Amino acid sequence: MSRKSFVLNMFGAAFVIGGALLLVTIIRNRAVNIVSTPVRPQTVAASPTATYATTAAAAQPQGYITGVPTSLSIPSLNINLAVIPGYYDANSQAWTLTTDKVQFATPTAQPNNAAGNTFLYGHARTNVFGSLPKIRAGAQAVVTTSNGHTFYYTLSSTRVVDPSDSDSVFNYQGKPILTLQTCVGLLYQNRELLTFNLEQVV
């Protein structure tokens, strides 16, 4: 093979590899922007104002504590983020999503010491939930509320689901839990759900 042919072959190979890398980057970025949204609820209407779900019980037990979440901390991952309301728009079939905050799915229960699932979601970005897949068993999550309460939770399980799997999130009934969600997979096509049990409220 002549030197000229060798140079042309090397240039062609570099061009093909560079193009493939660029294509993967474009696809991954597009996936983050389009796919990195929470599981879709079956029946949740658009919510233009901050309306929040409450616990199912009509009369709350004595000592009932609840509040609108305003911040989330996971000390073992150095996560400390503001929490803002998140809404599902049935018309566009999309959730509100930001690039630098965690969002509280308002159709789910506020943090409380009685029952229900508090669902927080965020982008799989370095400055949001990018490190969540590295979490270890027994990790603590701390949620503070607008009325001054602090809820301490301990990680109990993690699982990866399809975006269409909404039953476990929106139809949960039982003791108070916290669920965190972010996107995982080569193209961020799946959702990782992390479930935490309530340990203490102060």
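The values are calculated or read from the model by the stated rules, or taken from the named source; none is laboratory data. Since we're looking at a predicted model, the values are computed, not measured. Positions of Cβ are backbone-derived with ideal geometry, glycine not excepted, and every protein chain shown enters the neighbour counts.
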Filtering segment 99-114 down to residues that are in contact with a Phe, Trp or Tyr (Cβ under 8 Å, 6 or more places away or on another chain) and part of a loop (DSSP other than H, G, I, E, B), which residue is farthest from T126 (Cα to Cα)? A114
Take the residues of segment 142-167 that are touching a Lys or Arg at 6+ places or on another chain (Cβ under 9 Å) and small (G, A, S): which is surrounded by the most Cβ atoms within 10 Å (Cβ to Cβ)? S166
Could you check V128 against (1) assigned to a loop (DSSP other than H, G, I, E, B); (2) touching a Lys or Arg at 6+ places or on another chain (Cβ under 8 Å); (3) over 15 Å from L72 (Cα atoms) and say which number it fails? (3)
When segment 83-98 is examined, which residues are found to be of a type outside the set (D, E) and not in a loop (DSSP other than H, G, I, E, B)? V83, I84, P85, G86, Y88, A94, W95
Here the residues within segment 120-141 that are crowded, with 16+ Cβ neighbours inside 10 Å and either on the phi > 0 side of the Ramachandran plot or β-branched (V, I, T) (or both) are V128, I135
When the residues of segment 161-197 are filtered to those that are aliphatic (A, V, I, L, M) and modelled with pLDDT of 90 or more, which remaining residue is farthest from V143 (Cα to Cα)? L193
Restrict the check to segment 72-82 and report whether at least one residue is crowded, with 16+ Cβ neighbours inside 10 Å, in a loop (DSSP other than H, G, I, E, B) and modelled with pLDDT of 95 or more. no
Those residues of segment 186-202 which are part of a loop (DSSP other than H, G, I, E, B) and within 14 Å of the chain's Cα centre (by Cα) amount to Y188, Q189
Cβ-Cβ below 7 Å, separation at least six or inter-chain, first residue in segment 142-166 and under 17 Å from L132 (Cα atoms), second among the acidic types (D, E): which pairs? Y153/E199; T154/E199; T158/E192; V160/E192
State whether one or more residues within segment 142-151 are in contact with a helix residue (DSSP H, G or I) (Cβ under 9 Å, 6 or more places away or on another chain), modelled with pLDDT under 95 and closer than 17 Å to L77 by Cα. no
All but one of (1) surrounded by fewer than 19 Cβ atoms within 10 Å (Cβ to Cβ); (2) modelled with pLDDT of 95 or more; (3) not acidic (D, E) hold for A90; which doesn't? (2)
Tell me the residue from T158, T154, T195, T150 that is touching a strand residue (DSSP E or B) at 6+ places or on another chain (Cβ under 7 Å), of a type in the set (S, T, N, Q) and under 20 Å from I84 (Cβ atoms), please. T150
Taking the condition of being small (G, A, S), at pLDDT 95 or above and more than 12 Å from V83 (Cβ to Cβ), how many residues in segment 132-141 meet it? 1
